[in-house]
Amino acid sequence: MSNEIHEFLKEVLDKLQTMDYVKPESLPNIDLYMDQVTTFMDTQLSSTKRHEEDKILTKTMINNYAKNNLLPPPDKKKYSKDHILTLLFIYYFKSILSISDIQSILNPITDKYFGAESDLALQDIYNEVFGLEHEEMQHILKELARKYKTSLKTFEDAPEKDAELLHKFAFICMLSFDVYMKKLIIEQTIDELPSPKGKAKGKKKE
């Protein structure tokens, strides 16, 4: 195992271990204007950025989410805690799912629990699902290490000068296949959800 590849894996693991969901106690207790919302999201989710200049959330994104019925409209230009929670869900979903799929997942939740004064609120749902993430992260780290070790055993007959590139390629392919299969499972699960009122789910055209 070359020092360079060993350092590469260490950097990936260190990066993953710094990532965490936005804690309930970090959520604002007052309504925010749009500029404050984007600042809050950028600060809380900065560790998920790939590049320093990347933006977590912009005004255009927020407006588009509202136009696509993903985000309820603000009250007098102010966004509540439930708006922030909805935006957090959108943020995590959008890297792998289409807008229509996110609608299928989120709309039934926000329709029933956004701004609700009941025993189960939107924050309770957020706390429940993201409370599972710490344990899940430990499983992910172990699986990542297993795939990495497997990738080092590939291309045994390749020239030494090419081995590092090929090992990384094999590692990326294994991770990509894992993401691909899980995405298919997510989409199938979404397709089995009850259709929203007034909307008929149709099969994708070939």
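At-a-glance table
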{"quantity": "Those residues of the range 12-28 which are closer than 30 Å to LYS76 by Cα and in contact with a helix residue (DSSP H, G or I) (Cβ under 7 Å, 6 or more places away or on another chain), in sequence order", "calculated": "TYR21, VAL22, PRO24, SER26, LEU27, PRO28"}
{"quantity": "Enumeration of residues in the range 21-52 that are touching an Asp or Glu at 6+ places or on another chain (Cβ under 8 Å) and not in a helix (DSSP H, G or I)", "calculated": "TYR21, ASP31"}
{"quantity": "Sole exception among (1) outside any loop (DSSP other than H, G, I, E, B); (2) in contact with a His (Cβ under 7 Å, 6 or more places away or on another chain); (3) not aromatic (Phe, Trp, Tyr) for HIS83, by number", "calculated": "(2)"}
{"quantity": "Residues satisfying the stated conditions in the range 86-122, i.e. loosely packed, with under 15 Cβ neighbours inside 10 Å, among the small types (Gly, Ala, Ser) and in contact with a helix residue (DSSP H, G or I) (Cβ under 8 Å, 6 or more places away or on another chain)", "calculated": "GLY115, ALA116"}
{"quantity": "Answer residue from the range 37-53, given it is over 15 Å from the mean Cα position of the chain (by Cα) and surrounded by 15 or more Cβ atoms within 10 Å (Cβ to Cβ) and is farthest from LYS15 (Cα to Cα) among those", "calculated": "VAL37"}
{"quantity": "Residues located in the range 139-161, provided they are in a helix (DSSP H, G or I) and either open to solvent by 80 Å² or more (accessible area, probe 1.4 Å) or modelled with pLDDT of 95 or more (or both)", "calculated": "HIS139, LYS142, ARG146, LYS149, GLU160, LYS161"}
{"quantity": "Residue satisfying all of: in the range 8-23; hydrophobic (A, V, I, L, M, F, W, C) and within 17 Å of ASN127 (Cα to Cα); modelled with the lowest pLDDT among these", "calculated": "MET19"}
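The values are calculated or read from the model by the stated rules, or taken from the named source; none is laboratory data. In this text the structure is predicted, and so the values were computed from the model without any measurement. Counting neighbours? That spans all protein chains shown, and the Cβs are built from the backbone with ideal geometry, glycine included. Protein only, heavy atoms only, side chains kept; ligands, DNA and RNA dropped before computing areas. Shrake-Rupley method; radii C 1.70, N 1.55, O 1.52, S 1.80 Å.
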